[in-house]
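Below: one structure, written as structure tokens.
The values are calculated or read from the model by the stated rules, or taken from the named source; none is laboratory data. These figures come from a predicted structure and were not determined experimentally. We place every Cβ from the backbone using ideal geometry, glycine too, and count neighbours over all the protein chains shown.
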Amino acid sequence: MPYLTGMFLLLSAAAVVIATLLYASARQVSAELPALEEQFSRYRSRETSMPGVLPPHDKLVALQSQVLALNGLTGTAGQSLPLLLARLEKLIPDRVWLVSLQYRAREGETKLVAEADRAELLTEFMDRLDRSGHFSQVLLTRQAQRSEDAKHAIQFEIQLREKS
């Protein structure tokens, strides 16, 4: 009998703890509910304002040809700068830093200066650029050593030409 009573008290205490946790969780969810409802209503209003149907294929083709014509008038031939930076971010090894970047979109050329504490890292960077398939030309135009305090760094000036 005492074991049965002890087990009953233990189960009752566990039930009280679980009920208290459930009550606290329910209060927290209830407190968050108005903010979630407002966020949901904003999402729904934004969803209904967007068109659900795309224009026909022939209109899309005409629009694409107009965009190409406008790009031809502006002379922009290369990729956008954010796209170039995203590609460089994926290709640059750890412990290599870009010191400067000159981008000429019309010519599809980029000149960058990269710096590292070891030449092997810069060689690896050039190899990654060459193997990426995004550039038709990867040239080392200048190599320099820079010393500041007790730190030594190597800089590569690299010229890139985008594939057409």
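For the reader, a short list of remarks on this structure follows.
- In the range 78-122, the residue that is nearest to the chain's Cα centre (by Cα) out of those that are of a type in the set (Gly, Ala, Ser) and within 13 Å of Ala153 (Cβ to Cβ) is Ala114.
- Being more than 14 Å from Val96 (Cβ to Cβ) and either among the β-branched types (Val, Ile, Thr) or in the same structural domain as Arg87 (by TED's automatic domain parsing) (or both) is a property that Leu139 has.
- Among the criteria (1) in the same structural domain as Glu157 (by TED's automatic domain parsing); (2) modelled with pLDDT under 85; (3) assigned to a helix (DSSP H, G or I), the one Arg44 does not fulfil is (1).
- 1 or more residues crowded, with 16+ Cβ neighbours inside 10 Å and among the aromatic types (Phe, Trp, Tyr): qualifying strands (runs of 3 or more DSSP E) within the range 85-164: 96-104, 135-148, 151-162
- Residue that is more than 30 Å from Phe135 (Cβ to Cβ), at pLDDT 75 or above and not basic (Lys, Arg), where the choices are Pro93, Pro55, Pro51, Pro82: Pro55
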